[in-house]
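To keep things clear, I will list the structure first and then write my remarks on it.
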Amino acid sequence: MARIDLQNIRHAYAPDPKSDADYALKRVDQAFDDGGAYALLGPSGCGKTSLLNIISGLVAPTAGRVLFNGEDVTARPTEKRNIAQVFQFPVVYDSMTVRENLAFPLRNRRKKPDDIARRVNEVLDLVSLTALADRRARGLTADEKQKISLGRGLVRSDVNAILFDEPLTVVDPQVKWELRASLRDVHRRTRTTMVYVTHDQTEALTFADKVVVMYDGEIVQVGSPADLFDRPQHTFVGHFIGSPGMNIMPASVDGAAVRLGEHSVPLASAPRLDALQKLQLGVRPEFVRLSATGIPATIVRMEDAGRYRVAHLDMLGMPVAAMLREGEAAPAAPHISFDPAGVHLYADSWRVDLGGAAQ
Amino acid sequence: MLTTSDACCSAAVQQSAFLRLRFDDRGNRRLMCGDDCSDGSAGMLELKEVSRRINGVDHLAGISMRIESGVMNVLLGPARAGKTSLMRAMAGLDRPGGGEIWFNGVNVTGVGVAKRNVAMVYQQFINYPGWTVRENIASPLKVKRTPAAEIESEVQRVAELLRLTPYLERKPLELSGGQQQRVAMARAIVKKAGLVLLDEPLANLDYKLREELRAELPKLFADSGAVVVYATTEPLEALLLGGMTATMSEGRVTQFGPSHQVYRVPADLITAETYSDPPLNVFSVTAAARPARFPGAATLAVRPHHVRLSPKSGEADAYAATVLSMETNGSETFVHLRVGDARWVMLTHGVHAFEVGAALTVHVESGDVMSFDSAGRALALSARAA
Amino acid sequence: MKPVSQKAWFLVAPVLLLVAFTAIIPLMTVVNYSVQYVATNAQFHWVGDLWYREVLHSEKFWNALWRNLVFSGIILAIQIPLGVLIALNMPRKGWGVPTCLVLMSLPLLIPWYVVGMIWQMFGRVDIGLMGVMLRDFGYNYEGDPLDAWFTLIIMDVWHWTSLVALLAYAGLVSIPNAYYQAARIDGASGWQVFLHVQLPRMARVLTIAVLLRFMDSFMIFTEPFAVIAGGDPVFLSTELSQTVELGQRAAMSIIYFLIILLLSWVFYTVMTRDDGEPIQTGGKSGSAS
């Protein structure tokens, strides 16, 4: 188990990078505490997989240092870093049985046969493969194979960290829940440092204690799922996390209130702003209330997601989404008001701290 | 000899379109209009007892359904439920082992895909890598020998619709995944096919892109007159696409109807389980311990968001539970519980922290409970279909 | 149920016709000859299984068959490992790839008879490069049967190993990078990577390589003909070419054919045993609409 520090990591795939645009990772400084469950979340091409491969040593960074427990391992090859990694698509040894696949990393490290057998049985149970233990890996389905990959990642108990690269892509939704619960369970019991790369907010937020949101080669926010939901520091985080994402509306500020056309939305305090900054109001659909008073709007479309419904509205020419609980009806002539707890002000895309808002 | 067949032909040609189609069906089996619905009229695909058996395993087991144009028709089920097999049969890529497939009143069973006007979009982004986006979109029209001017205007229209106009001169592989899949969809749209089959088209896309395209998709095909079939493994996607859902399990369609209705009033346990994410909480009840409200029930089930921390009304049952683990997505908390011998998931609003191993009492409104008999058929249909 | 359209037969007909002309009719002709005695006046006489019995009792036939088997065995034992070894060491990217591929293909482009001629000269003890070099060790393929064998094997290895190497290379480059990365993380040694990642992933193409090389080497003709022209018949093919009686020749051909068929089938079955999926996987691939 280890604490992992990334110091001033920059990485470019093409040789001889000149401008910032040539870098897949522009500048990353991030510490992963020992025993933490982290997610690297972002859209494809944001550099999250590159960052993971830099931790595991499969990719050598163009600049910067990687430390494990304070020790510089930047030049150390993957096999010497004592980490486990699970890939997006199943990687299994076709010629071996499921059991042999799981035992392989342990056998290579010359563990005692008794210990191997005991540990393999535990992991088989964890990824619910016990019934298939003695089958050849070759004939299995894609999600069974992915469970083997996952199992091989979990089987070594003495690793510095376990890294996951979108491990549940090929797995059915029902099985995802089961496997994610298993992973949480393993983490709770072993307190191994885990880093989980995904573009899926649900996976990231439900897996991790700390989520690292990445965008275009940079980290935009690090926080607990509640932090990211309640206080998105950047409009990108607001948009990317939450489904549907945050409503972002161009606005102007007048004292301690935001003006939207002839209407005004009160803020917790009067912000101090530069005159030239682009201002936006951000409110998550969960904090948009539909009632008989407020800013008039028309419903464009309703989406039924089962346990909730999403009303897509047109408010003063801007699209706004509002969330309705199951059974909650939308008023015939809807007016929009915003729950003060969920009102955020963004200046040049970064959140302005207003003190009182959003506890 | 010659005269007879000539007479037959000319007579047939002079008949109404209906007869002409019948004649073609008997003779050459080529569809003169069949799948071609460029006029935008409504289309209908009808499956009659379609089955397919490979090495003793039912890939499709007697599927009958009528699928109409104008709405999204979603095939929902886990991997290997038969979604792709069914789509291949619909397209004419596979000949069904038994049963018939009718399209717009014409029997197209066994008519190969090349003779039909069918468009397919796959999970993988399939485009012609050597051609530009413009050439890719134009390709189905070039095959049909459409005049150049018409091709140009049609490519412009569809590119605009799918927001591909800035990329028309690029090659598909230079684009992002979402854009590549848009190109594939653009090809399907310009083809003006009567039947459009979308096989998990968003599965390889990022979460946010998926959200965006999912909202656009129903609109794209709404007025085309095409019968649109969409396969997915995700219940939420099926709900959000709206329209109709057919839940599939082991080669069978377990229920087919308006999406929200299949979700709220499932006909059987398998349908309810298929149409639930997070997974449905299922518990079997013995005759002795069966609540009087559910006569004849062998299995009860409740959706995770209907498991509550406090009772909502008087008519709720309380269950003793132990907390196994928790997950939060920032606005909701998923609490994994052990209730008796069963594993449950409770979905609550807001972020809650419980100790793992803590004892908890959870409440379930009887109106939220679905009950099933020993064969898995739904019993008293829940009244709450709001 | 609709009646199945009979038109399908018309579509299959050209193929049936083609197969009939290229395979069935010639084969049946040979079968016919093999049960006849053809007299000098072109009269056919039914002799039943006489020729078959004669062939199967002929010591020369069994010797030739045995030699064939030994030859194919040696060839496979050298070419398959050597081909794989070469493939493993071929570059995976850069300018080396096309260079390597072209160089490897060169021997394959040379016609068989020319190969025979090249080696016939190459091995000559008076002027041939190899012959002169090996002369001091007593090498003389024209006089010593062992040296003739040696020459034949060298010849075949030179001619065909690159085919195996190219096939194995094709199998190797199709292995996704994640497999190598996972193996490094699992702490696998180079040998284990070969055994558990590369070899299983090459199994399909190696099956094809073994089959091709077995069938070809078992039918070897031009090379021994060139090297041992005029000498005693050694292999089934050369034996066959020197059999005078038409019926006997036909019977021998049929037996030869059946042996190849049987052995190829055995190879294929053994090598694809407990193979979950068939070689052709339908999958989700389909024509882009």
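Restricted to segment A:158-221, the set of strands (runs of 3 or more DSSP E) holding at least 1 residues that are at pLDDT below 90 is empty.
Looking at residue B:236, is it surrounded by fewer than 23 Cβ atoms within 10 Å (Cβ to Cβ) and within 9 Å of chain A (Cβ to nearest Cβ)? Criteria met by residue B:236.
Screening residue A:301 on (1) open to solvent by less than 30 Å² (accessible area, probe 1.4 Å); (2) within 30 Å of the chain's Cα centre (by Cα) shows it passes everything except condition (1).
In segment A:87-111, of all residues being open to solvent by 10 Å² or more (accessible area, probe 1.4 Å) and of a type in the set (Ser, Thr, Tyr), the one that is farthest from the other protein chains (Cβ to nearest Cβ) corresponds to A:97. Quick check: anything in segment C:179-201 at pLDDT 90 or above and within 24 Å of the chain's Cα centre (by Cα)? Within segment C:179-201, one or more residues are at pLDDT 90 or above and within 24 Å of the chain's Cα centre (by Cα). So, in segment A:266-317, of the ones that are among the β-branched types (Val, Ile, Thr) and closer than 30 Å to residue B:258 by Cβ, which residue ends up nearest to the other protein chains (Cβ to nearest Cβ)? Only one residue fits best here, namely A:310. Looking at segment B:97-142 only, could you name the residues that are more than 7 Å from every other protein chain (Cβ to nearest Cβ), in a loop (DSSP other than H, G, I, E, B) and either of a type in the set (D, E, K, R) or closer than 29 Å to residue C:8 by Cβ (or both)? Of everything in segment B:97-142, those that are more than 7 Å from every other protein chain (Cβ to nearest Cβ), in a loop (DSSP other than H, G, I, E, B) and either of a type in the set (D, E, K, R) or closer than 29 Å to residue C:8 by Cβ (or both) turn out to be B:97, B:104, B:105, B:108, B:110, B:111, B:112, B:116, B:117.
Would you confirm whether any residue within segment B:72-86 is over 24 Å from residue A:170 (Cα atoms), more than 14 Å from chain A (Cβ to nearest Cβ) and in contact with a Leu (Cβ under 9 Å, 6 or more places away or on another chain)? No, that holds for no residue.
Conditions (1) in a helix (DSSP H, G or I); (2) modelled with pLDDT of 85 or more, marked per residue:
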residue	(1), (2)
C:9	yes, no
C:19	yes, no
C:41	no, no
C:45	no, no
C:60	yes, no
C:64	yes, no
C:71	yes, yes
C:77	yes, yes
C:86	yes, yes
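For residue B:39, the stated conditions do not hold, so it cannot be described as open to solvent by 10 Å² or more (accessible area, probe 1.4 Å), modelled with pLDDT under 90 and part of a strand (DSSP E or B).
Scanning segment A:193-210 for residues that are more than 9 Å from chain B (Cβ to nearest Cβ) and aliphatic (A, V, I, L, M) returns A:194, A:195, A:197, A:208.
Taking segment A:271-290 as the range and being polar (S, T, N, Q) and either assigned to a helix (DSSP H, G or I) or open to solvent by less than 40 Å² (accessible area, probe 1.4 Å) (or both) as the test, only A:280 passes.
Tally up the residues in segment C:145-198 that are over 25 Å from residue C:219 (Cβ atoms) and free of Cβ contacts under 8 Å to residues at least 24 places away in the same chain, please. Residues flagged as over 25 Å from residue C:219 (Cβ atoms) and free of Cβ contacts under 8 Å to residues at least 24 places away in the same chain within segment C:145-198 amount to 21. For segment B:253-285, a tally of residues being more than 20 Å from residue B:232 (Cβ to Cβ) and without any contact (Cβ under 8 Å) to a residue 24 or more places away in the chain returns 2. Check segment A:237-245 and report whether any residue there is over 26 Å from residue A:314 (Cα atoms), modelled with pLDDT of 90 or more and open to solvent by less than 10 Å² (accessible area, probe 1.4 Å). Taking every residue of segment A:237-245 in turn, none turns out to be over 26 Å from residue A:314 (Cα atoms), modelled with pLDDT of 90 or more and open to solvent by less than 10 Å² (accessible area, probe 1.4 Å). When residues in segment A:222-246 are screened for being within 12 Å of chain B (Cβ to nearest Cβ) and part of a loop (DSSP other than H, G, I, E, B), 9 of them pass. What do you reckon, is residue C:10 open to solvent by 90 Å² or more (accessible area, probe 1.4 Å) and within 30 Å of residue B:97 (Cα to Cα)? Criteria met by residue C:10. The residue pairs whose first member lies in segment B:221-237 and is small (Gly, Ala, Ser), whose second member is in a helix (DSSP H, G or I), and whose beta carbons are closer than 6 Å, counting only pairs six or more residues apart or on different chains, are B:231/B:83. Criterion applied to B:211, B:250 was being within 13 Å of chain A (Cβ to nearest Cβ), open to solvent by 30 Å² or more (accessible area, probe 1.4 Å) and either over 13 Å from the mean Cα position of the chain (by Cα) or at pLDDT 95 or above (or both), and the one residue passing it is B:211.
The condition (being at pLDDT 90 or above and open to solvent by 50 Å² or more (accessible area, probe 1.4 Å)) is satisfied by just one residue among C:173, C:114, C:164, C:132: C:173.
For segment C:103-143, the tally of residues that are assigned to a helix (DSSP H, G or I) and of a type in the set (Val, Ile, Thr) stands at 4. Looking only at residues in segment A:60-81 that are within 14 Å of another protein chain (Cβ to nearest Cβ) and assigned to a loop (DSSP other than H, G, I, E, B), which one is nearest to residue A:11 (Cα to Cα)? Across segment A:60-81, the extreme among qualifying residues is A:60.
Taken together, B:57, B:118, B:133, B:74 contain a single residue that is open to solvent by less than 60 Å² (accessible area, probe 1.4 Å), farther than 25 Å from residue B:206 by Cβ and in the same structural domain as residue B:170 (by TED's automatic domain parsing), which is B:118. Here residue A:57 clears all of (1) more than 9 Å from every other protein chain (Cβ to nearest Cβ); (2) open to solvent by 10 Å² or more (accessible area, probe 1.4 Å) except the condition numbered (1).
Applying the selection to segment A:166-192, what residues are within 17 Å of the chain's Cα centre (by Cα) and more than 9 Å from every other protein chain (Cβ to nearest Cβ)? Scanning segment A:166-192 gives A:166, A:167, A:168, A:179, A:183, A:187. Filtering segment B:148-159 for residues that are under 27 Å from residue B:63 (Cα atoms) and surrounded by fewer than 20 Cβ atoms within 10 Å (Cβ to Cβ) leaves an empty set. Mind listing whichever residues of segment C:198-218 are open to solvent by 10 Å² or more (accessible area, probe 1.4 Å) and within 14 Å of chain A (Cβ to nearest Cβ)? C:198, C:199, C:200, C:201, C:203, C:204, C:206, listed by residue number. Among the numbered conditions (1) within 16 Å of residue A:230 (Cα to Cα); (2) open to solvent by 50 Å² or more (accessible area, probe 1.4 Å), the only one that residue A:316 does not meet is (1). Being without any contact (Cβ under 8 Å) to a residue 12 or more places away in the chain, within 25 Å of residue A:2 (Cβ to Cβ) and in the same structural domain as residue A:90 (by TED's automatic domain parsing) holds for only one residue in A:156, A:184, A:107, A:180, and it is A:107. When you scan segment B:161-186, how many residues do you find that are part of a loop (DSSP other than H, G, I, E, B) and either in contact with a Gly (Cβ under 8 Å, 6 or more places away or on another chain) or of a type in the set (Gly, Ala, Ser) (or both)? The qualifying residues number 2.
The values are calculated or read from the model by the stated rules, or taken from the named source; none is laboratory data. Just so we're clear, the structure is a prediction, and the values are computed from it rather than from any experiment. Every residue, glycine as well, gets a Cβ built from its backbone with ideal geometry; the counts of neighbours run over all protein chains shown. SASA here: full protein model, heavy atoms, side chains in, ligands and nucleic acids out. Shrake-Rupley method; radii C 1.70, N 1.55, O 1.52, S 1.80 Å.
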